[in-house]
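See below for the structure under consideration.
The values are calculated or read from the model by the stated rules, or taken from the named source; none is laboratory data. Values in this document were obtained by computation on a predicted structure and should not be read as measured data. Cβ placement follows ideal geometry from the backbone for every residue including glycine, while neighbour counts extend to all protein chains displayed.
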Amino acid sequence: MPELPEVETVRRGLAPVLEGCRIARAVARRPDLRFPLPEGFGQRLTGRTVRRVGRRAKFLLIELDDGSTLISHLGMSGSFRIYTETPPELARHDHVILTTDQGVEIRYNDPRRFGFMVIAEADQLDNHPMLKDIGPEPLDSGFTPRVLARSLRGRKAPIKAALLDQSVVAGLGNIYVAEALFLAGISPKRKATTVAGARAEKLYRAIVDVLGRAIEAGGSSISDHRQTDGELGYFQYAFAVYGRAGQACPGCDCDIDKTGGIARIQQSGRSTFYCTKRQR
DNA sequence: CGGCAAACCTGCGAGC
DNA sequence: TGCTCGCAGGTTTGCC
């Protein structure tokens, strides 16, 4: 599921029911997700008060009153669901249950179990192995066209692959890379190092624009992503290229019979969608 | 070190 | 109806 906009949507859902609240009960219904859950998971969390729910790249950061932080990654299919009223029967793949002192129940469901939860001890967050090599947050002021161009310089890999690299810029995934490259008019096959100057400026604007609009839409619901109240995100209806192979490109009048339309290719084992005419 | 394919795991839709 | 195949929003690993 989740790239930056989906994780941010989840963060915004969790913050109001967790921040300032005490975790009355924490239950792991299996010993592991992608990795083993932290030793004594339930006891570690029970009785803790949540200071803040933050986000870094695609990681949720649930900061606790003892200084430690529960780091949660949704993998491909993870989702959080909040129940303020009586919750329904537990569902398949409901792996972790948190209950707050306000009687709110929060369930983490993850069919593919590519997600994980780990705990960073107090003062160990910034240099935590999972976070320390992550690049700038694209919606923070530290991310600029020059910063982007600088981290692309010297990279011979296609720009598509470079943008998926979390050390270049944080939080992009397969969907938003495709959409940003479309908006910027840049071919996913172009060598990353050639994206500089005006081209980097354009890509910078495309990234910031598409992420902002996707967050406003509550993220993209392809199959698993839900907002924490169960509502769908709806940015998938705004996709220009992702999942639209064979269709006409919305940005120019090319269509499949003539010069272009939206193509689907494989790059480093993953699908790439782009307009062959408009993206150079 | 850079770049790429494979691996992790489950579910779903398409095609036979 | 039921099987097999391919595909899926991410990240890590291991191999050239």
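Kindly indicate which of A:Lys160, A:Lys156 is within 12 Å of DNA strand B (Cβ to nearest atom), surrounded by 17 or more Cβ atoms within 10 Å (Cβ to Cβ) and among the basic types (Lys, Arg). Going through A:Lys160, A:Lys156 in turn, the sole match is A:Lys160. So, A:Phe116, is that one surrounded by 17 or more Cβ atoms within 10 Å (Cβ to Cβ), closer than 17 Å to A:Ala206 by Cα and touching a residue at least 60 places away in the same chain (Cβ under 8 Å) or not? Here the answer is no, as A:Phe116 does not meet what is asked. Among the residues making up segment A:85-103, those that are at negative phi and within 25 Å of the chain's Cα centre (by Cα) are A:Ala91, A:Arg92, A:Asp94, A:His95, A:Val96, A:Ile97, A:Leu98, A:Thr99. Of all residues in segment A:75-99, those that are part of a loop (DSSP other than H, G, I, E, B) and within 15 Å of DNA strand B (Cβ to nearest atom) total 8.
Within segment A:206-218, none of the residues are crowded, with 20+ Cβ neighbours inside 10 Å and away from DNA strand C (no atom under 16 Å from the Cβ).
State yes or no: is A:Pro138 outside the structural domain of A:Gln267 (by TED's automatic domain parsing) and either more than 16 Å from DNA strand B (Cβ to nearest atom) or touching a residue at least 24 places away in the same chain (Cβ under 8 Å) (or both)? When the stated conditions are applied, A:Pro138 passes them. A:Glu85 meets all of the listed conditions (1) closer than 19 Å to A:Glu231 by Cβ; (2) within 16 Å of DNA strand C (Cβ to nearest atom); (3) charged (D, E, K, R) but one, namely (2). Does segment A:16-28 contain any residue that is assigned to a loop (DSSP other than H, G, I, E, B), under 21 Å from A:Glu105 (Cβ atoms) and not assigned by TED's automatic domain parsing to the domain that holds A:Val210? Looking through segment A:16-28, at least one residue is assigned to a loop (DSSP other than H, G, I, E, B), under 21 Å from A:Glu105 (Cβ atoms) and not assigned by TED's automatic domain parsing to the domain that holds A:Val210. Selection over segment A:151-209 of residues that are charged (D, E, K, R) and in a helix (DSSP H, G or I) gives a count of 7. For A:Ser72, the conditions (1) in a strand (DSSP E or B); (2) in contact with a Cys (Cβ under 7 Å, 6 or more places away or on another chain) are fulfilled apart from (2). A:Leu61 meets each of the listed conditions (1) buried (at least 16 other Cβ atoms within 10 Å of the Cβ); (2) in a loop (DSSP other than H, G, I, E, B) apart from (2). Just one of the numbered conditions (1) at pLDDT below 95; (2) more than 22 Å from A:Glu19 (Cβ to Cβ) is not true of A:Ala122: (2).
Comparison of A:Asp110, A:Asp94 shows that the only residue that is assigned by TED's automatic domain parsing to the domain that holds A:Thr9, away from DNA strand C (no atom under 16 Å from the Cβ), in contact (Cβ under 8 Å) with a residue 60 or more places away in the chain and surrounded by 15 or more Cβ atoms within 10 Å (Cβ to Cβ) is A:Asp94. Looking across segment A:34-78, just one residue is touching a helix residue (DSSP H, G or I) at 6+ places or on another chain (Cβ under 7 Å), over 16 Å from A:His128 (Cβ atoms) and within 11 Å of DNA strand C (Cβ to nearest atom), and that is A:Leu74. The residues of segment A:166-183 that are at negative phi and either among the charged types (D, E, K, R) or out of contact with any Phe, Trp or Tyr (no Cβ under 8 Å at 6 or more places or on another chain) (or both), listed by number, are A:Gln166, A:Ser167, A:Val168, A:Ala170, A:Leu172, A:Gly173, A:Tyr176, A:Val177, A:Glu179, A:Ala180, A:Leu183. With respect to the conditions (1) within 14 Å of DNA strand B (Cβ to nearest atom); (2) farther than 26 Å from A:Gly218 by Cα; (3) of a type in the set (D, E, K, R), A:Arg48 falls short on a single one, namely (1).
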